[in-house]
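Colleague: One structure, as structure tokens, below. Some questions next.
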Amino acid sequence: MNLNKKNLWKPMEPNKVKRHYWTAAGAAALCLCCVTPAMAAGGDPLDIVNNLSDFIFSIIKALGVIILGWGIVQGTSWLENQTSDFVSAGQGILLAYTGTEKDVTVPDTVRAVGGYAFDGCTTVETVQLPSSLRSIDAFAFSNCSNLRQVQIADGLESIGEYAFHWCVSLEQIELPDSVKNVGGHGFSYCRSLRKVRLSQAMTQISNTLFQGCSSLTEIELPENIKTIYNYAFDGCAALQKIVLPAAVEEIGASVFSGCGSLEQLVILNPACRIYDTEQTVSAGTCIDGFANSTAEIYARKYSRQFQPIDRQRGDMDGDGSLDTSDLFLLLYLCACRGAGVQTNPTSVELYCADYNADGKIDNLDVYDLMMHLAKVGAGLAEK
């Protein structure tokens, strides 16, 4: 995705977001009216009937998800007449929580927490989610002002937009590696959020994901993150250091604006595309990167301090040369990762370990480094 000015995202009020959502629903219905005649033109009559049936059913199903996702049951007499604290429908969709408990354990029959299910539940302080859960929909826990802790079991796959928006008491979050997507504004304005552990399956940081998390001091990005979208860390005033793995290809607009305490930004991809405005990175931030990289170009253009990283791929011990010591350290790292042993290498060490620059750390890196050292020993390559 090209992160140009046409793609800049600007925060919207929740009621405006809702109007946009219903506009999308109307557009889907309009598409149904427009596409149906086109599908009916020509072809075998039986195939046309089957195709139309499948298409219409998919549209109806999509509209149903949209309606449920925007909490259409909230504030209705039907909801008020429910006797259970957990109001569910269909195959494990939690529509609403009507209880008053401080500590909530969601039943293990729930597969999805619907839109607005806990919205504005100010009595809730802790929530334990079951391993059966696969999705948390938009606004599911928004405005839970006293929610301090959420325990998320392995198995969750997606978190919708604004899911924990304005949970101002939430202190930390740990996402299991089953989570693949977290929507924009997912944790925005969680002003007590200090520590975040993201899923290793994530490949992007969505728009405004942590915007306004003014207490956030610690976050480690997964190795496979490729894109950090607009305003992702805007207003994270307590964030002091962040390392962008070598896989990061794009940094969007104002990603690190308003990060007044950010002292060090490490960019390990020499060709990372950085949105070309002064607001992308706060003034006063020292950018660490490789010589002649896009990080250095950005730093020089906007008068940011630049600290060159003097390491080449394969230099595991950081002594400036490649030798058998580096080969041993690389082999040890690969063996530990293969056995599931925790080693906690730094992002720079992970960059060096990916010797063949294919985005993975495996036995091919060991083989390629070993072959290079063998050629150096035979006088067939320079050290």
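The values are calculated or read from the model by the stated rules, or taken from the named source; none is laboratory data. From a predicted model like this one, the values you see are computed outputs, not experimental measurements. Glycine gets a Cβ as well: all are built from the backbone with ideal geometry, and neighbour counts include every protein chain shown.
Colleague: Answer yes or no: is there a residue in the range 161-178 that is of a type in the set (D, E, K, R) and closer than 20 Å to Ala247 by Cα.
Modeller: There is at least one residue in the range 161-178 that is of a type in the set (D, E, K, R) and closer than 20 Å to Ala247 by Cα.
Colleague: Follow-up question, since we're still on this one. Please work out which residue is farthest from Phe233 (Cα to Cα), limiting yourself to the range 286-302 and to residues that are free of Cβ contacts under 8 Å to residues at least 24 places away in the same chain and surrounded by 19 or more Cβ atoms within 10 Å (Cβ to Cβ).
Modeller: By that ranking, first place goes to Phe290.
Colleague: Here's another thing I want to ask about it. Can you tell me how many residues within the range 129-166 are more than 18 Å from Gln211 (Cα to Cα), crowded, with 22+ Cβ neighbours inside 10 Å and either acidic (Asp, Glu) or in contact (Cβ under 8 Å) with a residue 40 or more places away in the chain (or both)?
Modeller: Result for the range 129-166: 1.
Colleague: Filter the range 236-257 down to residues that are within 17 Å of the chain's Cα centre (by Cα) and of a type outside the set (Val, Ile, Thr), then give me how many there are.
Modeller: Within the range 236-257, residues that are within 17 Å of the chain's Cα centre (by Cα) and of a type outside the set (Val, Ile, Thr) number 11.
Colleague: Just one of (1) touching a Phe, Trp or Tyr at 6+ places or on another chain (Cβ under 6 Å); (2) without any contact (Cβ under 8 Å) to a residue 40 or more places away in the chain; (3) small (Gly, Ala, Ser) trips up Gly260, so point out which.
Modeller: Every condition holds for Gly260 apart from (1).
Colleague: While we're here: If a residue has to be in a loop (DSSP other than H, G, I, E, B), modelled with pLDDT of 95 or more and touching a Leu at 6+ places or on another chain (Cβ under 8 Å) to count, how many in the range 218-241 make the cut?
Modeller: 9
Colleague: Can you tell which of Ala283, Ala271 is surrounded by fewer than 19 Cβ atoms within 10 Å (Cβ to Cβ) and closer than 25 Å to Gln312 by Cβ?
Modeller: Result of the check over Ala283, Ala271: Ala271.
Colleague: Quick one: Tyr275 ticks every box in (1) touching an Asp or Glu at 6+ places or on another chain (Cβ under 9 Å); (2) over 22 Å from Gly260 (Cα atoms) bar one, so which box is it?
Modeller: The one condition Tyr275 does not meet is (2).
Colleague: Related question: Tell me which residues, restricted to the range 201-245, are acidic (Asp, Glu) and over 13 Å from Tyr189 (Cβ atoms).
Modeller: Matches in the range 201-245: Glu218, Glu220, Glu223.
Colleague: Looking at (1) within 20 Å of Gln264 (Cβ to Cβ); (2) of a type in the set (Ser, Thr, Tyr); (3) touching a helix residue (DSSP H, G or I) at 6+ places or on another chain (Cβ under 6 Å); (4) touching a residue at least 40 places away in the same chain (Cβ under 8 Å), which is the one condition that is false for Tyr351?
Modeller: Going through (1) within 20 Å of Gln264 (Cβ to Cβ); (2) of a type in the set (Ser, Thr, Tyr); (3) touching a helix residue (DSSP H, G or I) at 6+ places or on another chain (Cβ under 6 Å); (4) touching a residue at least 40 places away in the same chain (Cβ under 8 Å) one by one, Tyr351 breaks only (3).
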